Each structure stands twice: as C-alpha cells, then as structure tokens.
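**Q** Take this structure, written in structure tokens, and hold onto it; I'll ask about it next.
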Amino acid sequence: MIKVTTPSRICLFGEHQDYLGLPVLAMAISLRSEIKFLKRSDRIVKIKMPDIKDEQIFDLDNLRYEHNRDYYKSGVKVCMESGMQFSQGFECEIRSDIPIQSGLSSSSSIVVGWINFLSKICDQKKEISNYQIAELAYRAEVLEFNEPGGMMDQFSTSYGGLIGIDTNSKNVEQFNLDLGTVIIGDSNERKNTLSILERCKKERLSIIDRIKKLDPAFNLRTSVFDDISCDLSDSEVQLIQATLDNRDIYNQAEIEIRKKVVDLKKIGKLLIKHHENLSKGLRVSTAKIDNMLNASIEAGALGGKITGSGGGGCMFVLSTEDPLKIVSAIKKNGGKAHIVKMDTGTYLA
C-alpha cells in the first residue's frame, strides 16, 4: 500500500505579503495529512475522508469541475497536463490531524500530498522534485480557480523545514535553524479564507496602483512611506504603512536568522510587531486571538502572531520555557493548544 504524508505550516514573517510579490519565511510543522491508496480495475476515483465524514467519486474521463475548490479533479488535471497518465482508477483514504480552516494550511497540505501521491501512482512513476510538486499544487489550488492566495502554502508544505521564498523569482532557500518549541493556539473561530484574502489583496493592489500612477518609480520592495505623494484616507494610510513595515520586519528577521548565533528573543519581538500590523493595519486578527497571544507572552512565550489569512483560526508562539504554562494560558482564554515541532516536507512513507 502506498502512503504519502505531508505537513502543515506556520508563516513566521511575510504574512499576507506573498501574493503581493514580497518574500516570506515559513516553517512546516508536525501536524500532518496522510493519503493511503489501492488500485482499481476501472477508471473510477473514490476518495474517502472519514475525518469529515465525506466521500468523493469521479471518473478519470470526466474532470469537469462541479464546484469551486474542486481540488482532487484539478490535481489530476494539472498532473495530466504535465505528462502523467492514469490508465486505471484508484481508491484512497485521506486523514489529517490539521485543524480545518484555521490558518495552518490544511487544504494545501492535502493538495501537495495529492500531487505527490499522483506522481507515485501514475502509469510511469515520476520522480518529481519538491519544487515541481509545489508548482503543480499551486496551479491546482490557486490558478485553476483564480483564487487570490499566494504560493507560500504549497512550497512550505512540499519542502518542509524552515524556508524563505522569494515569490517573484520562486527561489526557495532552506535554513538549518532550531527555533525552539512552537505552541499553536486554535481559537476555534472558523474563518472565511477567500473573502479575507480577496479583501486584503484587492485593497492594497488598488492603493499601490494609484501610487504608481502618480509615482512610476514606486517599488513595493524598496520605497519608504515618506516618499508616497498619493492622497490616501486614514484607513489606507494604516494599510500601506502596515504592509511596508511588515516588509521591513521580514528583512530584519532574515538578517537575524542568517547569523551564526540567532537571538530568539529578537525573533520573538519581531513576531509581535508583525502581529500588531496584521491586527491593526490589515484588521485580520480577532479579540480572542489577541487575548490568547497576550496571555501566552505573559506566560513566558518569546513572541508570536496570528498565522494564515486571519479572521479566526490559529496563532502561534515560540518558547524556550515550559510550554505547559503557555498551553494553560491558551486554554484559559478559550483556545485549544498543540505543542508542535518543525517537520519534514511531503514524502512517501
């Protein structure tokens, strides 16, 4: 029996920046999804999802999408377009211990695993790289449905570990760094990922477009706020300032993680600043998540932030102290806690 397992992820720095062409720093974590497989003699694909009590059945000869985010069909489609062939159908079971719609990339973990899985069971088994898996997953999940997300989720869950992604060049750099204990706090507040991504992306792209019309030299990667001459409302000022500040915070974090001896306290403080911009500037946090985060820091965490699109879901903190104190603080504020570690990317188990 073939089994493929794939991690979830947290975004350390660059949250809500990747779809603007800015770099991100992400880390795969030890909450994982898993796909098991059996061949069939016909052309039918049957997918069992016992965790959510769901099942999908479709024919390899009919990959017409029946709903938005029809990722199992889109995964097969992009794999076929890349040269893979499937003469027989198959059955598989998909399980996951990743909280759903919580900012830990549960869907991308499954799509990345799905692409890896398909490459292993196609007629002529293909050995494709983590980069190719991530690109195909990005096509299947984002481009096929014209969704507003970036490519961080697919690359981080494919590669695993701690990676920096230049979303313009698609260059991926892996860092050999231990950030200590990571504690996830799930607010149990479900969120609407696509609407939040669309709002944050459209609002800022509109502002950037107006700025560039008045100042063609404006560069999101290098320009400073004081150079902006476009008239902006107070909320627009707050939004673009937060975007440029988070860009600078990423740059500071990247400098720090390249040092021989990394100051984790500094990384923690930068995470707190990043979260403040996400909460106040982009308005993607919630009162409950802010409370969980503040309580965790009071309990000894070095720092942390919301992860994912926001509007609910999860936050995380880094700690070199007893994580059980932080777990208790999260629970007292109505959340569910997971102690996790950095983990490997998608692989055949």
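**Q** List the residues whose amide H sits under 5 Å from the amide H of GLY345, counting only those 5 or more places along or on another chain, with H placed 1.01 Å from N in the peptide plane.
**A** Residues meeting the amide H criterion: GLY160, GLY161.
**Q** Remind me, relative contact order of segment 2-176 in percent, using alpha carbon pairs under 8 angstrom and six or more residues apart? Walk me through the numbers before you get to the answer.
**A** Working: 362 pairs, mean separation 53.3, N = 175.
Taking the mean separation of contacting Cα pairs over the length of segment 2-176, I get 30 percent.
**Q** OK, next. Just want the ordering: TYR159, TYR347, from fewest to most Cβ atoms lying within 10 Å of their own Cβ. Please report the intermediate quantities before stating the final value.
**A** On the way: TYR159 26, TYR347 14.
Ordered by Cβ neighbours within 10 Å, fewest first: TYR347, TYR159.
**Q** Which one, SER105, SER169, SER158, has the greatest fluctuation when you compute a Gaussian network model over the chain with C-alpha springs under 10 angstrom?
**A** SER169
**Q** Considering the dipole of segment 182-340 built from charges on the beta carbon (Lys and Arg +1, Asp and Glu -1) around the Cα centre, which of ILE183, LEU271, SER195 is farthest to its positive end?
**A** ILE183
**Q** Right, here's the next one. Go through segment 152-157 residue by residue and turn each phi into a ³J(HN,Hα) via Karplus (6.51, -1.76, 1.60, θ = phi - 60°); whole Hz please, and just put x for glycine and proline.
**A** Result, rounded to whole Hz: 4, 4, 5, 6, 5, 6.
**Q** For segment 182-340, what relative contact order do you get, as a whole percent, if you take Cα pairs closer than 8 Å and at least 6 residues apart?
**A** 38 percent
**Q** Return the Cα extents of segment 9-63 along principal axes one, two and three, sorted largest first, each rounded to a whole Å.
**A** 46, 26, 19
**Q** Let me ask another. Counting GluC sites (Glu not before Pro) as exposed when in a DSSP loop with at most 10 other beta carbons within 10 Å, what is the longest stretch of the chain free of them?
**A** Result for the longest clean stretch: 128-349.
**Q** Still on this structure, I have one more. Starting at the first residue of segment 332-345, write each ³J(HN,Hα) from the Karplus equation 6.51 cos²θ - 1.76 cosθ + 1.60 with θ = phi - 60°, in whole Hz, x for Gly and Pro.
**A** Karplus values, whole Hz, x for Gly and Pro: 5, 9, x, x, 10, 10, 10, 8, 10, 9, 4, 9, 6, x.
**Q** At a 10 Å Cβ-Cβ cut-off, how would you order PHE155, PHE225, PHE13, fewest neighbours first?
**A** Fewest to most other Cβ atoms nearby, the residues stand as PHE225, PHE13, PHE155.
**Q** In addition: Around THR181, which amide H atoms from residues at least 5 apart in sequence, or from another chain, sit under 5 Å from its own amide H, with H modelled in the peptide plane?
**A** Distant-sequence amide H within range of THR181: SER319.
**Q** What dipole magnitude, in Debye to the nearest 20, does the chain give about its Cα centre under +1 on Lys/Arg Cβ and -1 on Asp/Glu Cβ?
**A** With only Lys, Arg, Asp and Glu charged at Cβ, the dipole is about 620 debye.
**Q** So, counting K/R as plus one and D/E as minus one, what does the shell of residues with Cβ under 14 Å around ASN146 add up to?
**A** On the way: positive: ARG69, ARG139, LYS201, LYS202; negative: ASP70, GLU141, GLU144, GLU147, GLU198.
Local net charge: -1.
**Q** Further question on the same structure: Within segment 1-17, which residues have the backbone N less than 19 Å from the label spot 7 Å out from PHE86 along Cα→beta-carbon, could you tell me?
**A** Under cut-off, by backbone N: 1-6.
**Q** So the label point goes 7 Å from the Cα of VAL262 along Cα→C-beta, right? Which residues of segment 275-297 then have their backbone N under 19 Å from it?
**A** Flagged as within label range: 275.
**Q** For LEU31, enumerate residues with amide H under 5 Å from its amide H, sequence gap 5+ or separate chain, H modeled in the peptide plane.
**A** Those qualifying (amide H under 5 Å, at least 5 residues apart or on another chain) are SER8.
**Q** Using only DSSP helix segments of four residues or longer, with each worth -39500 (n - 2.57), what per-residue ellipticity at 222 nm results for the chain after dividing by its residue count and rounding to 500?
**A** -12000 deg cm²/dmol
**Q** Tell me, what is the percent relative contact order of the chain, built from C-alpha pairs under 8 Å that lie six or more residues apart?
**A** With pairs under 8 Å counted, the relative contact order is 25 percent.
**Q** Per 10 Å bin, what is the whole-percent P(r) computed from every C-alpha pair distance within segment 156-286?
**A** 10, 33, 37, 18, 2
**Q** Here's something else I'd like to know. Relative to the longest principal Cα axis of the chain, at what angle does helix 106-121 sit, 0 to 90 degrees, rounded to 10?
**A** 40 degrees
**Q** How large are Rg and Dmax for segment 2-176 when only the alpha carbon atoms are used, in Å?
**A** Here Rg and the maximum Cα pair distance are 15.5, 47 Å.
**Q** Additional query: For segment 288-304, in order, what is each residue's ³J(HN,Hα) by Karplus, 6.51 cos²θ - 1.76 cosθ + 1.60 with θ = phi - 60°, in whole Hz (x at glycine and Pro)?
**A** Rounded to whole hertz, the list is 5, 5, 4, 5, 4, 5, 4, 5, 5, 5, 5, 8, x, 5, 6, x, x.
Laboratory data are not the source of any read-out in this text; all were calculated from the coordinates shown. Values in this document were obtained by computation on a predicted structure and should not be read as measured data. So basically every Cβ, Gly included, is an ideal-geometry build from the backbone, and we count neighbours across all protein chains shown.
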